[in-house]
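Q: Following this message is one structure expressed as structure tokens.
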Amino acid sequence: VIKIKNKYKYKYALIQYPKKQSISYKILNEYFKIMNFNCEYFDLSLSKDIFERYIAKILNKSEGLNITVPYKEKIIDYIDPDQDVKNIKACNLVYKNKGYNTDWIGFYETIKDFDFKDKNILILGAGGAAKAIIYALYKKGIKNIDLINRTYSNSCILKEDMKQFIDINTYKKEKINEIILKNNFLINCTSVGMYDQRFEFNYNLLSKYSFIYDIVYKDTELIKYANNKKINNKNGFDMWKNQAIENLKIWKIYDNKFEGVIKCLKT
Ligand code: ATR
């Protein structure tokens, strides 16, 4: 049974399942403390049954929610989605029962000044994060991309979901070497690297790449490879930070002290 403590005036929570490592929990609670906000950020891990039984109540009791795997699509049945949520068919933020997607904004903010001329983009992954990133690429004016995912059928679903925005060429994973060599800008949208796993392909196939982006928020094997080879690269920390700022703005509790909290916890 979920009990949200009544002593907190405003209620914020992350909804996920199963419970995974989250930087939001630590950073947001630190921010609330520093700001003297009378509130706490909860980390709620809800199995499917519990989600269905309690989500209406949680929505009713809370001021703001973050939604992550596996509920970003399911939550849409319970809230009022904005146009981006309708387009992406995924919602990662709720404020007073309105649904937003700030994942794509977090990524977009990090690439909005990039020049993609002569860049051929290869995306790895076809989950919720890949969808938000592809939507951001569409907003940046990218017309087509190549995509490989472990499970080919998931690539096909994503291609269909995004077809009105961007042209996605999907390939089976057996073709990975050939497809890596035909592109020069990699965006890893899988969770490979989060728990120190690495991809099976030979990283040296990427030696001529002009950019390697890994959306995992810390330096993964892929990013370490890029650093070693002096290839321009980025991990997912700034993407996370930008979406967190956007979330706080939507929740109307943003203050630029937040950036200080992040710097403190990072060092
Ligand atoms: P998120 O919202 O973070 O994208 P998700 O929707 O569960 O989470 O998607 C995770 C992505 O990482 C998927 O593309 C998944 O591939 P599958 O579609 O085959 O499941 C990919 N992924 C996760 N673990 C992986 C691994 N060990 N190797 C390759 N791909 C992996």
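Q: Filter the range 183-193 for residues that are hydrophobic (A, V, I, L, M, F, W, C) and within 14 Å of Lys234 (Cα to Cα); which is nearest to the ligand (Cβ to nearest atom)?
A: Cys189
Q: Still on this model: So which pairs qualify, if the first residue must be in the range 30-52 and within 20 Å of Ala244 (Cβ to Cβ), the second must be charged (D, E, K, R) and open to solvent by less than 60 Å² (accessible area, probe 1.4 Å), the Cβ gap must be under 8 Å, and the two must be at least 6 apart or on different chains?
A: That search, which allows pairs on different chains as well, returns Phe32/Glu40; Met35/Asp255; Cys39/Lys11; Cys39/Glu63; Glu40/Lys11; Phe42/Lys11.
Q: Anything in the range 156-165 that is over 15 Å from Ile133 (Cβ atoms) and either in contact with a Pro (Cβ under 6 Å, 6 or more places away or on another chain) or in a loop (DSSP other than H, G, I, E, B) (or both)? List them, or say none.
A: Passing the criteria: Lys163, Gln164.
Q: Which of the residues spanning the range 144-157 are near the ligand (Cβ under 9 Å from one of its atoms) and either under 18 Å from the mean Cα position of the chain (by Cα) or open to solvent by less than 10 Å² (accessible area, probe 1.4 Å) (or both)?
A: Result: Asn149, Asn154, Ser155.
Q: May I pose another question? Looking at Asp115, Asp196, which is the one that is open to solvent by 60 Å² or more (accessible area, probe 1.4 Å), within 13 Å of the ligand (Cβ to nearest atom), within 25 Å of Asn242 (Cα to Cα) and of a type outside the set (Ser, Thr, Tyr)? Steps first, please.
A: Working: Asp115 fails: within 13 Å of the ligand (Cβ to nearest atom).
So the residue among Asp115, Asp196 that is open to solvent by 60 Å² or more (accessible area, probe 1.4 Å), within 13 Å of the ligand (Cβ to nearest atom), within 25 Å of Asn242 (Cα to Cα) and of a type outside the set (Ser, Thr, Tyr) is Asp196.
Q: Further question on the same structure: Would the range 158-170 turn up any residue that is of a type outside the set (Asp, Glu), out of contact with any helix residue (DSSP H, G or I) (no Cβ under 7 Å at 6 or more places or on another chain) and within 15 Å of the ligand (Cβ to nearest atom)?
A: The answer is yes, given that some residue of the range 158-170 is of a type outside the set (Asp, Glu), out of contact with any helix residue (DSSP H, G or I) (no Cβ under 7 Å at 6 or more places or on another chain) and within 15 Å of the ligand (Cβ to nearest atom).
Q: Taking the conditions exactly as written (in a helix (DSSP H, G or I) and within 18 Å of Leu65 (Cβ to Cβ)), does Gly99 satisfy them or not? First the steps, then the outcome.
A: On the way: in a helix (DSSP H, G or I): no; within 18 Å of Leu65 (Cβ to Cβ): yes.
When the stated conditions are applied, Gly99 does not pass them.
Q: In the range 166-202, how many residues are free of Cβ contacts under 8 Å to residues at least 40 places away in the same chain, part of a helix (DSSP H, G or I) and closer than 18 Å to Asn120 by Cβ?
A: Going through the range 166-202 one residue at a time, the tally reaches 5.
Q: Please find, among Tyr31, Tyr25, Tyr71, Tyr41, the residue that is in a strand (DSSP E or B), among the hydroxyl-bearing types (Ser, Thr, Tyr) and either under 22 Å from the mean Cα position of the chain (by Cα) or closer than 29 Å to Lys139 by Cα (or both). Even if it seems obvious, please write down each step before you answer.
A: Working: Tyr31 fails: in a strand (DSSP E or B); Tyr25 fails: in a strand (DSSP E or B); Tyr71 fails: in a strand (DSSP E or B).
Matching residue, one of Tyr31, Tyr25, Tyr71, Tyr41: Tyr41.
Q: Right, another one. Quick one: in the range 118-128, which of the residues that are more than 15 Å from the ligand (Cβ to nearest atom) and not aliphatic (A, V, I, L, M) is surrounded by the fewest Cβ atoms within 10 Å (Cβ to Cβ)? Before the answer, list the steps.
A: Initial filter on the range 118-128 (more than 15 Å from the ligand (Cβ to nearest atom)): 118-121.
If we keep only those that are not aliphatic (A, V, I, L, M) too, we end up with 118-120.
On the way: Asp118: 8, Lys119: 14, Asn120: 13.
Within the range 118-128, the match that is surrounded by the fewest Cβ atoms within 10 Å (Cβ to Cβ) is Asp118.
Q: Could you tell me how many of the residues in the range 26-84 are of a type in the set (A, V, I, L, M), open to solvent by 80 Å² or more (accessible area, probe 1.4 Å) and within 16 Å of the ligand (Cβ to nearest atom)?
A: Adding up the residues that qualify gives 1.
Q: On the given criteria, is Asp103 more than 16 Å from the ligand (Cβ to nearest atom) and of a type in the set (D, E, K, R)?
A: Spelling it out, it is not the case that Asp103 is more than 16 Å from the ligand (Cβ to nearest atom) and of a type in the set (D, E, K, R).
Q: Could I ask something else about it? Exactly one of these conditions fails for Asp219: (1) open to solvent by 30 Å² or more (accessible area, probe 1.4 Å); (2) within 14 Å of the chain's Cα centre (by Cα). Give me its number.
A: Checking Asp219 against (1) open to solvent by 30 Å² or more (accessible area, probe 1.4 Å); (2) within 14 Å of the chain's Cα centre (by Cα), the one that fails is (2).
Q: Yes or no: the range 239-249 includes at least one residue that is of a type in the set (Val, Ile, Thr), under 16 Å from the mean Cα position of the chain (by Cα) and modelled with pLDDT of 95 or more. Talk me through it step by step, then tell me what you get.
A: Looking only at the range 239-249, we keep the residues that are of a type in the set (Val, Ile, Thr), and these are 245.
Narrowing the set further to residues that are under 16 Å from the mean Cα position of the chain (by Cα) leaves 245.
Narrowing further to those that are modelled with pLDDT of 95 or more: 245.
Yes: one or more hits.
Q: Being open to solvent by less than 40 Å² (accessible area, probe 1.4 Å), modelled with pLDDT of 95 or more, assigned to a helix (DSSP H, G or I) and within 15 Å of the ligand (Cβ to nearest atom) is the requirement here; does Lys131 meet it? Walk me through it before giving the result.
A: Working: open to solvent by less than 40 Å² (accessible area, probe 1.4 Å): yes; modelled with pLDDT of 95 or more: yes; assigned to a helix (DSSP H, G or I): yes; within 15 Å of the ligand (Cβ to nearest atom): yes.
Spelling it out, Lys131 is indeed open to solvent by less than 40 Å² (accessible area, probe 1.4 Å), modelled with pLDDT of 95 or more, assigned to a helix (DSSP H, G or I) and within 15 Å of the ligand (Cβ to nearest atom).
The values are calculated or read from the model by the stated rules, or taken from the named source; none is laboratory data. Please read all numbers here as calculations on a predicted model, not as lab measurements. A quick note on method: Cβ atoms are made from the backbone with ideal geometry, for glycine too, and the neighbour counts reach across all protein chains shown. Note: areas computed on protein heavy atoms with side chains; ligands, DNA, RNA excluded. Shrake-Rupley method; radii C 1.70, N 1.55, O 1.52, S 1.80 Å.
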